[in-house]
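Each remark here refers to the structure printed beneath this line.
The values are calculated or read from the model by the stated rules, or taken from the named source; none is laboratory data. Values in this document were obtained by computation on a predicted structure and should not be read as measured data. In this analysis, Cβ positions are derived from the backbone assuming ideal geometry, glycine residues included, and neighbour counts consider all displayed protein chains. To get the accessible areas, we keep the full protein, side chains included, count just its heavy atoms, and leave off ligands, DNA and RNA. Shrake-Rupley method; radii C 1.70, N 1.55, O 1.52, S 1.80 Å.
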Amino acid sequence: MREYYFTYDFATGTEFNKGSGEAGISAIQNLPSGFGIVTVSEAEYSGTLIDVPLSSLRLAVWNRVKAKRDAAIDGGAMTPIGVVDSDALSRSNISGAALGALIAQSASAAFSIDWTARDNTVHTLNASGMLAVGLAVLQHVSTVHDIARDFRTAIEAAATVTELLMIDINAGWPS
């Protein structure tokens, strides 16, 4: 299956380039700073970017935002012990450890766990420390979702293709 895409300049909302290739080709494009990419249907690809219906581009831009959202959620979270992994398995492990810390804390039992940060430093945490890591990861996920919702609002508010394409969906994500 082929994939069709346009690249565009956030500053002007104008088409920069177009291309096609095997499915997934748009995800591996190395774009210069200040440029975005949207995938379109084969029929929409036959024209220019400005000719693509606004509704189609809204969906395409929103799909890019969702991909950026998911990558930001999984890309690591800043916590009191530094950056920790935040992919789905890591978030599950952190939630489990935080729950264990909360249970121990509520039972006035001792709690200690060694937690490895992304830089491979090992931190021995008590219940309060593990809860702080868990809350920081939760806040990271919440912040990323807030950013995505703000983009969704801007996408829906765009009245023209140019206005839509001038939304810099690369900006504002946690690094």
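Any idea of the accessible area per residue across segment 106-151, 1.4 Å probe, to the nearest Å²? Spell out each step's value before the answer.
On the way: 2690 Å² over 46 residues.
Here the per-residue accessible area is 59 Å².
What are the extents of the Cα atoms of segment 1-136 along their three principal axes, listed from largest to smallest and rounded to whole Å?
67, 29, 25
In the chain, with Lys and Arg counted as +1 and Asp and Glu as -1 at Cβ, which of these residues, LEU89, ALA154, LEU54, has the Cα nearest the positive end of the dipole, that is, farthest along it?
LEU89
Connecting C-alpha atoms closer than 10 Å in a GNM of the chain, tell me which of ALA158, ALA27, ALA109 has the biggest fluctuation.
Among ALA158, ALA27, ALA109, the largest mean-square fluctuation in the Gaussian network model of the chain belongs to ALA109.
When the dipole is taken about the Cα centre of segment 110-175, and only Lys, Arg (+1) and Asp, Glu (-1) are charged at their Cβ, what size is it in debye, to the nearest 20? Write down the numbers at each step before the final one.
Details: 3 positive and 7 negative charges, 34 e Å.
The dipole magnitude comes to about 160 debye.
What three numbers, in Å, describe the spread of the alpha carbons of segment 1-40 along their principal axes, ordered from the longest?
Reported extents, whole Å, longest axis first: 32, 16, 10.
Per DSSP H run of n ≥ 4, the term is -39500 (n - 2.57); total these for the chain, divide by its residue number, and report the mean residue ellipticity at 222 nm rounded to 500 deg cm²/dmol.
Working: 5 runs with 80 residues, N = 175.
The helix contribution divided over the chain gives -15000 deg cm²/dmol.
What is the sum of charges, Lys and Arg at +1 and Asp and Glu at -1, for the other residues whose Cβ falls under 9 Å from the Cβ of ASP74? Spell out each step's value before the answer.
Details: positive: ARG91; negative: ASP70, ASP85, ASP87.
The answer is -2.
Please report the net charge: other residues with Cβ closer than 12 Å to the Cβ of LEU59, K and R +1, D and E -1. Before the final figure, lay out each step's value.
Working: positive: ARG58, ARG64, LYS66, ARG152; negative: GLU44, GLU156.
Charge balance in the 12 Å sphere: +2.
Which residue, PHE16, PHE151, PHE35, tops the fluctuation ranking in a GNM of the chain built on C-alpha contacts under 10 Å?
Of the options given, PHE16 has the highest mean-square fluctuation.
Explain nothing, just the number: dipole magnitude of the chain about its Cα centre with +1 on each Lys and Arg Cβ and -1 on each Asp and Glu Cβ, in debye rounded to the nearest 20. List each step's numbers first, then the result.
On the way: 11 positive and 18 negative charges, 70 e Å.
So the dipole magnitude of the chain works out to roughly 340 debye.
What net charge is computed for the residues neighbouring ILE169, neighbours being all others with C-beta under 11 Å from the C-beta of ILE169, Lys and Arg scored +1, Asp and Glu -1?
Numbers: positive: ARG64, LYS66, LYS68, ARG69, ARG152; negative: ASP150, ASP168.
Spelling it out: positives minus negatives among the neighbours equals +3.
Name the helices (complete DSSP H segments) of the chain with a Cα length along the long axis of 18 Å or more and a Kyte-Doolittle mean of at least 0.0, or state none.
Working: long enough: 54-74 (30 Å, -0.13); 88-106 (27 Å, 0.73); 127-157 (45 Å, 0.63).
The answer, listed by residue number, is 88-106, 127-157.
Using the alpha-carbon centroid of each, what span in Å lies between segment 56-114 and segment 127-175?
When both Cα centres are located, 15 Å separates them.
Can you work out the FRET efficiency for the pair ASP51 and HIS145, with r the C-beta to C-beta distance and R0 = 35 Å, to the nearest 0.05? Write down the numbers at each step before the final one.
Details: r = 33 Å, r/R0 = 0.94.
Calculated value: 0.60.
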